[in-house]
Structures are given as C-alpha cells and as structure tokens.
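In what follows, a single structure is set out as structure tokens and then discussed.
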Amino acid sequence: MACPCGARVLVEILTGLLSLKNQSPSTPPESEGEFTRNYILGPKYIIKAIEIFSTMPNTIPPFEYAPVKTTWLKRDVLLFAHSIGCKAGDELHFLYELHPKFQVFPTYPIVLTFKHADIDIVDFLARNAARTLPPGCPVLDWSVAVDGRRRMEFLCPLPPSSEGKTWDIHTKVLGVFDKGAGKGTVMEMEHVLKQRESGQVYTRAWESVFFKGTGGWGGERGPKMNEHVPSTPPRRPDAVSSFQSNAESAHLYRLNGDYNPLHATPEPGKSLGYGGTIMHGLFSWNITARAVLSQFGGSEGRRLRDFEAMFSSPVKPGDKLDILMWDMGLCKRATSAVRNDESLQEVRFMVKVGDRVVLSNGKALLKCEDEGVEVKL
C-alpha cells in the first residue's frame, strides 16, 4: 500500500468503521439512517475511500533533526584550502595563518556537515546508517549514495576557528522522493550553520542525495532534478580555468571529514559500476568555487554570496577538470544572503572532463566591489 502518512491513518479508521458496520451487534442494531448520521459514510463510500487513499503516493513530511555541534581549528581551514588547490601567491591568505588578510575559504562550511566536532576519522557508513529517518521513509543504504545537487548561501564570513563560541548545524529533511523501481531515491536536505550564543546564521546550504537503485517503494516522485536550475548561455565562455587532479587528490580531500570509502578504495566504485575510485562530488564543486572566485572575485572570500551546481557524472583521480565560466552581468537580489543595497555579478559555469560534463547548471553570485575594484573578465 502506498499512501500519505495521514491517509494511512484515515484508511485504518475507515476500515475499522467498515468492520464495525459488518459486525453482528449484541444490542438492537441502529437504523440505516441512524448509522449514516453517526458514522458519516455508508459502507460503499468507505470502500471507495479506502481504494482511493490506498493508491496515493507516500508523501514524506518535513523532518528536523536535533542540532549537531560542530568545531574547527585554523589547521582545518588550512587543510581545506590546500585540498582544493589554493596556491601561494594570490591565494596565500587562505593558506597562511599569519598573513595580514588571513581568511577562511568561503565554501569551507560545506564540510562541517560531515566533520561535526570530530578530531579523528569516523566510520562514514556507520554514522549515516544510525541516522533517524523521517516517518514513512524507507531504509536507505548510504553505500550507494552520491551527490545530486548542492547550493550554499554565505551570510557572514566564518572565523578561522570555532574556539570560544558554540556552533551548531541545524539539519532538516525537506522531502524524500521515489524516482521509480530500479532508478533511485532522492533525499532533499537543508543545513543551517548557526552561532548558538548570538543566534547568527553564517551559511545556509541545500543538498540532494541520490541513492542508486533504491526506488519503487511507493513514494511521491517529486520534482525533476533539473527543474528551476540555471543554464549556461549558447556562446563561448568568458573565462576558462583548468585543474589537474592526481591519484592522491581524494585521499587529501577526505581528511576534511568526508570518509566515504567510495573515494578511497576501488571496490565500492566497482560494485556501483564506476570502475573504481571516484572523486568526492564536493571536491569538484569546491575546486570550481575557487576558480570562479579567483577569476571574478579577486580571491576575496567575502565577495561570494551564493554558489550552486548539479553533479552530472563522476570524476576519477587523475582527471583534468576544465571549468568554463560565463559573465552574465549584474543581477537583482536573488538570495537571503544579500542586502537590498548590494550589487551582484552573476556567473554561470559548467565543468568538463574531456567532452564529458561533470558539473552542470552552475551559478555563482558575487558582490560587486565599490571601492575602485573592477569586475574581472
């Protein structure tokens, strides 16, 4: 039976009423009119209602987890900057803690949803298997999970260390969708990084997790993955950047807190049809954020306001990533991270490995500088 949580309860009530109507009472039976008035529906309508509600898709209601404490040190943000390819020179302020402009690379908070407050390696699969699932959600196998889409809003620059204050990640499941038997299940989530004492929100992120081959449990289909996403224009890109990964790139990146075996050893990737180890989707996502910020934002972390992309196909260790970027000019306020008086530059992008698209439907919003800094093209 596939029906919404509330509908399942209604089915049980209606079934109970029907069985009550069919019972042989020990006391004198009510007249048909009295029964109808007392129980609202006659038997044939109860049966029809059961049929209708039994075929409705299983809608998973939003579900919020208890806040999870998170911590980080300067060493963690330095490691992150190194793992996404920041270079000494124009990006030294992300790599050296005594630099006069030392700052956290703006997308670093994306890894805190994995790291939490850990100071050592954790079992990725065991931690996720222990998650409480929303009511009505099927059991999900995190060994077959891959990224579908990520977006992050940047409201305040993160301090280099969490020390001295308490920081929490507030996670909410927005929906769980059944893409069909043999296809998969998509879980949509929101993560908010908040400083507990002040209540200040620093980042807000959204993710779509795709569980391969786990569909067919009677859930709601949900929206298409590519609905309401930006597209790249049909013209030559305004800027192109490249990044050469190597056999150890994933092993370095995983030290940020994402210890999924899929990115460390060949066996999981072979069983999923990838032929071996694949890179973290967020590795490519963060590499691209760095390229966009370098090309259009002067490598100033505070200028990045919004960043999103879809994951189209896997990247393997040793692949060369070609990042194609289009300047879309100024845009109107389109995110809660932006004040009404701020001007934004919009950049669209995609990432290829050879002729194959690995990141698509990418968009970044950057704050335009007013103090004599020109937009870089």
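Quick note: the coordinates plus some simple rules give every number you see, no bench work behind them. As the structure is a computational prediction, the values presented were derived from the model and not from experiment. So basically every Cβ, Gly included, is an ideal-geometry build from the backbone, and we count neighbours across all protein chains shown.
In this model, which of K270/K316; K172/K224; K87/K165; K74/K115; K74/K172; K224/K270 are farther than 23 Å apart at the alpha-carbon? Cα-Cα > 23 Å for K87/K165; K74/K172; K224/K270; rest within.
Ordering of 161-173, 130-142, 70-82 by packing is 70-82, 161-173, 130-142, highest average first (other Cβ atoms within 10 Å, averaged per residue).
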